[in-house]
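Below is one structure, written out as structure tokens; the observations come after it.
The values are calculated or read from the model by the stated rules, or taken from the named source; none is laboratory data. Model, not experiment: these values are computed from the prediction. Using ideal geometry, Cβ is built from the backbone for each residue, glycine included, and neighbour counts are taken over all protein chains shown. Side chains included, ligands, DNA and RNA excluded: accessible areas come from the protein's heavy atoms. Shrake-Rupley method; radii C 1.70, N 1.55, O 1.52, S 1.80 Å.
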Amino acid sequence: MANHKAILSGIDLQCYENNHNHRTEEMDRERLLVRRGQPFSVVLQCPEQIPQPPDQLLNITLHLGENKEVILKVSDSEQDHEKWWFSRRNAQGEVMLTLHSPADAPIGLYSITVLLQSADGQILEQTESQTFYLLFNPWCKEDSVYLPSEELLQEYILNENGILYKGSWDDITTMPWNFGQFEKDVVDICFEVLDNSPAALRNSEMDNINRASPVYVSRTVTAMVNANDDRGVVSGRWDGEYSDGVAPTRWTGSVPLLRRWSEAGAQMVRYGQCWVFTGVACTVLRCLGIPTRCITNYSSAHDTDANISVDYLFNDQLESVSEGRKDTIWNYHCWVECWMKRVDLPEGYDGWQVLDPTPQERSDGVFCCGPCPVHAVKEGELGLKYDTPFVFSEVNADLVVWIVHPDGERSRVSQNSKIVGQNISTKSVYGDFREDITANYKYPEGSVKEREVFKKVERQVNQNNEGPGQLELFIKHAPAIHGTDFDVIIEVYNAAAEDTDAQLTVTSNGITYNSINRGECQRKTTSLTVPARKAHKEVLRLRYDNYGPCVSEHHMIRVTALLQPTDHNIIILQEVNIPLKMPMLIINIIGKAIVSRKLTAHISFTNPLPVSLQGGVFTVEGAGLTEAREIKTHSKIDPGQVVMVKLSFKPTRDGLRKLLVDFDSDRLKDVKGEATIIVRKRKKNINAVPEI
């Protein structure tokens, strides 16, 4: 080696060309990011011609992991197609090396070194090590995340803008979300999330090897997005006290959260709730190359005792007496679905898998959930991993109402199998509108197949929600606009041939979207006689003076009606969650949207409440437009007052972009607005005179 004349001068990773071919150019054009199962080429720069074998041999070595824990030798034979291999083509002053990765290679950070060796294996020369990222490849048929639809891949891998669905099953609202998976350095943060998992910190070599499996990676992501057990990203909180962090309603995208976590040295970010966990998980999974979409399940059950029912307990005065970790029905709940093969399960369970990053119950001792095959939920196959019983309950549990007597004995008074799991929603791949996917999770209510599924999970459905079949209870309401008074109408219909006496109790409570009670607004108890085959109506006027002090940041009021016929030990319960309509922010864009050219946004807000607002803050962000920025209002905003702020920014990437804005204040939070912007590339000035 002492007499060897240096031949190799370096490696050109051909980042621009490779990233374009691997659909990663939006992430970076100066670093190499490639997808597994698809070849990529690098150029070995060598002013002197490399001697041909057997005199000297050209070899490639790869190291996997941040600390180069795993060493891989790249074969020069195509016969080893299940392993890394390379081919070479000589040219004047350089050699083109084409590397082929197996479709089941572990994803991660790789280092590449080219070695020149003598015939007896002695290293004569080697290039300086360079790094690249390897991602999952849903365009590759042999990859276990392969999705054979370009339209779906455009949405579930490449789209940086999304819609999360909120509200209630009968009043669905939308919230735009900036996933930003291609924003600067986000890919580094996504792998940093994996590197901080307990498994990686325990045994980084084994963790890197296991990253070949999307089942392993996606399950790790669901555990790491929440901060309950580990060095996870987001801390959840639902009690309304957010003074030591950021209120969950203020986030409009994943990137500020991920950057804040990374910059703080993997310290949790305060605070998130289910849609925040879902948005962050979707960003990480799409960035890593797993097709992912966000799901909202309306009237979503949280079954704490795994009995596939939600139990509501009342005393003889019809007051709630549920204590401790009680079952609840969330107004809505968000999770993600990922597309993958399940080689760890019997045939028939590939495709969409539920992954729920919100910390609700432990799975194998950790707050995570999934991947759970959607098809297993539909078929009631509760023995298939992971966490199928819990997901099944979220979309299928019965609501059971109990009376707890003074001696502690319980009496079951009603059961309803039709409330939970309604209007399961995701954003359509064809535009900004909702796609209903309830049929993916459950057979139609009352169908033969639905009954077969319930028999499979060893339970009989007793649909007893109409009491003895005489009285029926309905709740209707006028449009509910936050800050105004509105009416709720409770209608009792008597189907019997005789008049029926009953007691009706109606309560209204401010609640969070996941059923935490923030205080009773109003209560009304009435003794009534319902004429035979007729309806009786009661009107409850909900006034802002009553609901304003107890309404949560989710702007939700729950009206509960309890009807007890005097001659039956039966209670008929109906509930309706009323989302209060919120104002929209108005956004006007001034100027032509061109990369690197200044744009100005005018953002205006009108206070709809009959009270003044203090501490107003606008938060603005947009993938390819601007990083997250805050604009504060420094004076109070009186009822009906219009406030306008201006923001200037320079787009960084062309294409269809969305500017997302949130407004929060002391009395009004989670006011949203968005503007769609088509950013064009900057034209080159062909008439410019070159400088001499």
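Taken together, the residues in segment 632-665 that are within 17 Å of F182 (Cβ to Cβ), surrounded by 15 or more Cβ atoms within 10 Å (Cβ to Cβ) and not basic (K, R) amount to 6. Only one of the listed residues (S262, S218, S235) is in contact (Cβ under 8 Å) with a residue 24 or more places away in the chain, within 19 Å of F191 (Cα to Cα) and open to solvent by 10 Å² or more (accessible area, probe 1.4 Å). That residue is S262.
Out of K385, K378, one residue alone is part of a loop (DSSP other than H, G, I, E, B), under 20 Å from T292 (Cα atoms), of a type outside the set (A, V, I, L, M, F, W, C) and open to solvent by 10 Å² or more (accessible area, probe 1.4 Å). It is K385. Remark: pairs (first residue in segment 195-206, of a type in the set (A, V, I, L, M, F, W, C); second residue surrounded by 17 or more Cβ atoms within 10 Å (Cβ to Cβ) and part of a helix (DSSP H, G or I); Cβ separation under 6 Å; 6+ apart in sequence or on different chains) = A199/D207; A200/D207.
Within segment 388-398, restricting attention to residues that are touching a residue at least 40 places away in the same chain (Cβ under 8 Å), hydrophobic (A, V, I, L, M, F, W, C) and open to solvent by less than 10 Å² (accessible area, probe 1.4 Å), the residue that is nearest to Y298 (Cα to Cα) is V395.
Results for (1) over 28 Å from the mean Cα position of the chain (by Cα); (2) β-branched (V, I, T); (3) closer than 30 Å to D171 by Cα, shown as yes or no for each residue.
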residue: L585; (1), (2), (3): no, no, yes
residue: V611; (1), (2), (3): yes, yes, yes
residue: E630; (1), (2), (3): no, no, no
residue: D638; (1), (2), (3): yes, no, yes
residue: L659; (1), (2), (3): no, no, yes
residue: V671; (1), (2), (3): no, yes, yes
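In segment 161-181, of all residues being in a loop (DSSP other than H, G, I, E, B) and open to solvent by 10 Å² or more (accessible area, probe 1.4 Å), the one that is nearest to R259 (Cα to Cα) corresponds to W169. Whether any residue in segment 77-92 is surrounded by 15 or more Cβ atoms within 10 Å (Cβ to Cβ), part of a strand (DSSP E or B) and modelled with pLDDT of 85 or more is what I want to check. Yes, because at least one residue in segment 77-92 is surrounded by 15 or more Cβ atoms within 10 Å (Cβ to Cβ), part of a strand (DSSP E or B) and modelled with pLDDT of 85 or more.
If we scan segment 539-546, do we find a residue that is open to solvent by 20 Å² or more (accessible area, probe 1.4 Å), modelled with pLDDT of 90 or more and of a type in the set (A, V, I, L, M)? Yes. Within segment 21-57, being open to solvent by 30 Å² or more (accessible area, probe 1.4 Å), of a type in the set (A, V, I, L, M) and modelled with pLDDT of 90 or more holds for no residue.
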